[in-house]
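One structure is given here, and the rest of the page talks about it.
The values are calculated or read from the model by the stated rules, or taken from the named source; none is laboratory data. Quick caveat: nothing in here was measured; it's all calculated off a predicted structure. Cβ coordinates were reconstructed from backbone atoms using ideal geometry, including for glycine residues, and neighbour counts include every protein chain displayed. All accessible areas refer to the heavy atoms of the entire protein, side chains included, with ligands and DNA or RNA removed. Shrake-Rupley method; radii C 1.70, N 1.55, O 1.52, S 1.80 Å.
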Amino acid sequence: MDMTVKTSMGDYKITVLRGAINNLSEYCDTDKKALVVTDSGVPFEYADTVSKQFKNSVIKIIPQGEINKNFETYKMLLEVLSENEFTRNDCVVAVGGGVVGDISGFTASTYMRGIHFYNIPTTLLSQVDSSIGGKTAIDFYGYKNTVGAFYQPEAVVIDPDVLKTLSQRQLNNGLCESIKMAATSDIELFNLIENGDAYKNIETVIQKSLKIKKDIVEKDEKETSLRRVLNFGHTVGHAVETSMGLNALLHGECVSIGMLAFSSDNVRNKLISVLNKYDLPTELPLSADEILSALRHDKKANSKGVNAVFVDEIGSFRLEFIDFEKLDELVKGAY
C-alpha cells in the first residue's frame, strides 16, 4: 500500500509493504551517497541491507536509548557527514525507531541547510506514528524534543517484516500510539484493537493509523491547532517520562498512563480494558506535584497551563486549554 503526504515542503510517499527493505531502489534514490544511521538495539542486518543498496554509503551506529538523542550524538553525526565529504545532493537514511528517526532527520535538516532524508522505521511505534509528519528533534537538559525543526523526508519505507525481531513489550509500546489515534479519530480501528488481535491484523493497524496521522498533518503541518489531537495522552505522558528519567518507561507506556486523565469515565473504562489486554500500564507512578513540576517545563505549556486533548466518546475529541489547578484535579481524579 502507498499513500502520499502533501506538505508545503513537497510531497512524499509512504510505502507499507512486506519485503520493501530489500528493494529500496523502487522508493529511494540509491545513486546518492548515504549516511545510514541506526542504533545498537536494532539488528545490524537491517542497516547492512539498506547500506548495500546505495552505491556509496557509511553506516553509523549510535547508542540505543532516548538519553542518547542529544547534542553530543548530533555533533558526532555532523562530523561523520563532514569527514566523509557529504554534499547537499547526498542523503541521511534512518534505520531504527523514533530516536534514530528524530536525530537523523534533525541532522539532515541542518547539515548544509538541509540534505535529503529517508526514513525506514523498524519499530511499531515509529511505523504508525513518528516516521511521518516532519517532526525532527533532539532532547535538551533532560526535556524531550526542545531543539528541533519541521523537516520532511523524501520517502518513508515501512516493512512490517522487520517487526519480527521486536520484543512483545516493544510491540505493545508501539501499539499504544495506534490506540491513541483510534480513541480520538477512528472507532472502527479501536474496535479492531479492542475485540480482535491487533498483531494478526498488523498491516491494517499500521495503514489505518498512518491514514489518521496523514490526514491531520496535511491540514495542520506546523501544529498550530488540529495537529494537537496527536498529543492525546502526551501531556501527562511526557511529564512521566521526564520525571522518571527517559529510560524508565517506554514512550508508549507513558502515553498509556497519560490518556486516562483526559477521558470521560466511559472512555477511561474502555481504555483501561484495552490497555490491560496489551499489558500497558494504567497506574500513575508519580505524585501530581511531580507531574505538575515537569509540565511547567514542557514546550507545549505556558505560564498558566496547557492545551489538552480530551476524549468524551471513542472516535472523537475536543481541544481545551486548562490551567495547572484544573490539571492537578484531573490527575488526582483519574488514577
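Rounding to the nearest 10 and keeping the result within 0 to 90°, find how far the Cα-based axis of helix 168-185 lies from the longest principal axis of the chain.
The answer is roughly 60 degrees.
Treating cross-link reach as a plain straight distance, find the aspartates and glutamates whose alpha-carbon is under 20 Å from the alpha-carbon of residue 332, omitting any fewer than eight places away in the same chain.
Partners within reach: 241, 253, 265, 283, 289, 290, 298, 312, 320, 323.
Loop-only check: which GluC sites (Glu not before Pro) in segment 25-132 are DSSP coil with at most 15 other Cβ within 10 angstrom?
Filter output for segment 25-132: 85.
Using a 7 Å offset from Cα along Cα-Cβ at residue 169, what residues in segment 247-268 end up with backbone N under 13 Å from the label point?
247-254
Distance cut-off 32 Å, Cα to Cα: go down the list 75/277; 144/326; 214/277; 144/304; 222/326; 6/270 and report the pairs above it.
75/277; 6/270, as the Cα separations exceed 32 Å there.
Give the cross-link partners of residue 32 among the lysines, using a straight C-alpha distance below 20 Å as the criterion and excluding same-chain residues fewer than 8 apart.
13, 52, 55, 60
Between residue 188 and residue 326, what length in nm is gained on full extension when 0.36 nm per residue of separation is reduced by their alpha carbon distance?
Value of the extension gain: 46.5 nm.
Could you sort 4, 30 by accessible area so the largest value comes first, with the probe set to 1.4 Å?
My answer, sorted largest first, is 4, 30.
With a cut-off of 8 Å between alpha carbons and a minimum separation of six or more residues, what is the relative contact order of the chain in percent?
Once normalised by length, the contact order is 15 percent.
Just to confirm the number: angle between the C-alpha axis of helix 324-334 and the first principal axis of the chain, 0 to 90 degrees, nearest 10?
With both axes taken from Cα atoms, the answer is about 80 degrees.
How much accessible area per residue does the chain have, in Å², with a 1.4 Å probe?
41 Å²
Relative to the longest principal axis of the chain, what angle (0 to 90°, nearest 10) does the C-alpha long axis of helix 265-277 take?
The helix 265-277 is inclined about 50 degrees to the chain.
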